[in-house]
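Novice: What follows is a structure written as structure tokens; I'll ask about it next.
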Amino acid sequence: MMTSVERRLAAVETRCENNLIRAIRSEDYALIAGLLEPWESGSNQRLYSPGQNVDMVYFPCGPSLVSFLVVNEDGRNVETLLVGREGAVGGIVSQGNLPAYAEIVVQFGGPFVRMKLADLAVAQDKSPSLRALFARYADCLLAQIFQSNSCNAIHSIEQRTAKWILSAMERTGEDHVPLTQDKLAAMLGVGRTYTSKVLNSFKRENILEPRRGALFIKNPEALKTKSCLCNDAVKAHFETVLKGVYPTEENGA
């Protein structure tokens with residue numbers, strides 16, 4: 001008969017489709033395996049609000065996606081970062097129990113594993129290689145934020161819409177994105193009218209099909225021609241710094 005710890009580890013192993021965790025060396029993984037807790041989240045669940053103390057790190061698994069949203073003075077929440085099975089959220093850059101700056105929300109619900117940030121810090125103190133892995137991932141997070149700032153400043157709504165849909169598809173491995181037009185517009189920081197025009201244009205070109213609460217992508221290659229190259233820049237940096245962690249068709253993740 002399995003002990004409670006063995007059952008917990010087995011659940012983590014079978015459910016944890018997270019490339020960052022899979023990139024951890026076996027001897028380093030042994031430091032945290034017993035501390036990882038399987039966890040399930042629905043869509044729109046808030047992990048952290050601005051100012052809230054960050055004490056838990058979450059690893060999205062499989063199709064789960066998390067957004068970092070910056071609250072602006074007009075009340076709009078604009079997305080600055082999207083994280084899926086390639087990474088983690090919660091104290092990754094600060095490496096300490098500090099207040100959250102952004103609102104961190106589960107965009108697409110599903111499985112996660114999570115652990116206390118303090119426990120991760122202890123494991124990193126014991127292992128320079130584990131600490132280096134998370135430092136490299138923090139670098140990739142910052143690169144994505146820098147690229148997002150540039151994209152928002154110079155690229156059209158059509159390019160940004162296509163980029164966001166492709167980014168979500170890559171992380172989930174699905175040909176549909178469970179997202180309403182209102183939510184997409186809010187995350188891009190534009191009016192619903194603009195995103196509706198873009199999506200209707202994509203529909204006329206048989207690139208995608210907007211349906212109730214979701215976007216079904218019919219022609220990903222055509223969608224790529226509508227996108228800017230910001231996703232490619234982020235993926236290239238991931239491959240340089242953390243090869244094999246960003247989900248691609250080649251690595252099967």
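Novice: I need the strands (runs of 3 or more DSSP E) fully contained in region 13-88, keeping only those with at least 1 residues that are farther than 30 Å from Ile157 by Cβ and in contact (Cβ under 8 Å) with a residue 40 or more places away in the chain.
Specialist: Working: elements: 37-41, 46-48, 56-60, 65-71, 77-83.
Fully inside region 13-88 and qualifying: 37-41, 56-60.
Novice: Output yes when any residue across region 25-34 is of a type in the set (Phe, Trp, Tyr), out of contact with any Pro (no Cβ under 7 Å at 6 or more places or on another chain) and surrounded by fewer than 19 Cβ atoms within 10 Å (Cβ to Cβ), and no when none is. Even if it seems obvious, please write down each step before you answer.
Specialist: In the first step, residues of region 25-34 are kept if they are of a type in the set (Phe, Trp, Tyr); the result is 29.
From what's left, out of contact with any Pro (no Cβ under 7 Å at 6 or more places or on another chain): 29.
So of that shortlist, the ones also surrounded by fewer than 19 Cβ atoms within 10 Å (Cβ to Cβ) come out as 29.
Taking every residue of region 25-34 in turn, at least one turns out to be of a type in the set (Phe, Trp, Tyr), out of contact with any Pro (no Cβ under 7 Å at 6 or more places or on another chain) and surrounded by fewer than 19 Cβ atoms within 10 Å (Cβ to Cβ).
Novice: Okay, moving on. Going through region 167-183 one residue at a time, which ones are surrounded by fewer than 20 Cβ atoms within 10 Å (Cβ to Cβ) and either touching a His at 6+ places or on another chain (Cβ under 6 Å) or of a type in the set (A, V, I, L, M) (or both)?
Specialist: Listed by number, the list holds a single entry, Met169.
Let's see how each residue does on (1) in a helix (DSSP H, G or I); (2) closer than 29 Å to Leu20 by Cα; (3) open to solvent by less than 20 Å² (accessible area, probe 1.4 Å); (4) in contact (Cβ under 8 Å) with a residue 24 or more places away in the chain:
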site: Ala162; (1), (2), (3), (4): yes, yes, yes, yes
site: Ala185; (1), (2), (3), (4): yes, no, yes, no
site: Ala233; (1), (2), (3), (4): yes, yes, no, yes
site: His237; (1), (2), (3), (4): yes, yes, no, yes
site: Thr248; (1), (2), (3), (4): no, yes, no, yes
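Novice: Could you grab me the full set of residues in region 196-253 that are farther than 21 Å from Ile145 by Cβ and hydrophobic (A, V, I, L, M, F, W, C)?
Specialist: Result: Val198, Leu199, Phe202, Ile207, Leu208, Ala214, Leu215, Phe216, Ile217, Ala222, Leu223, Ala253.
Novice: Also, quick follow-up: Specify the residue that is surrounded by the most Cβ atoms within 10 Å (Cβ to Cβ); the eligible residues are those in region 121-150 that are polar (S, T, N, Q) and more than 30 Å from Cys228 (Cβ to Cβ). Explain how you work it out, then say what you get.
Specialist: The initial filter retains those residues of region 121-150 that are polar (S, T, N, Q), namely 124, 127, 129, 144, 147-150.
Filter once more, keeping what is more than 30 Å from Cys228 (Cβ to Cβ): 124, 127, 129.
Numbers: Gln124: 20, Ser127: 18, Ser129: 11.
Result: Gln124.
Novice: Conditions first: (1) at pLDDT below 90; (2) open to solvent by 40 Å² or more (accessible area, probe 1.4 Å); (3) among the polar types (S, T, N, Q). Thr193 passes all but one, so which condition is the exception?
Specialist: (1)
The values are calculated or read from the model by the stated rules, or taken from the named source; none is laboratory data. The model shown is predicted, which means the values in this text are computed figures rather than measured ones. Glycine also receives a Cβ, built like all others from the backbone with ideal geometry; neighbour counts cover every protein chain displayed. Side chains are part of the model used for accessible areas, which takes the heavy atoms of the whole protein and leaves out ligands, DNA and RNA. Shrake-Rupley method; radii C 1.70, N 1.55, O 1.52, S 1.80 Å.
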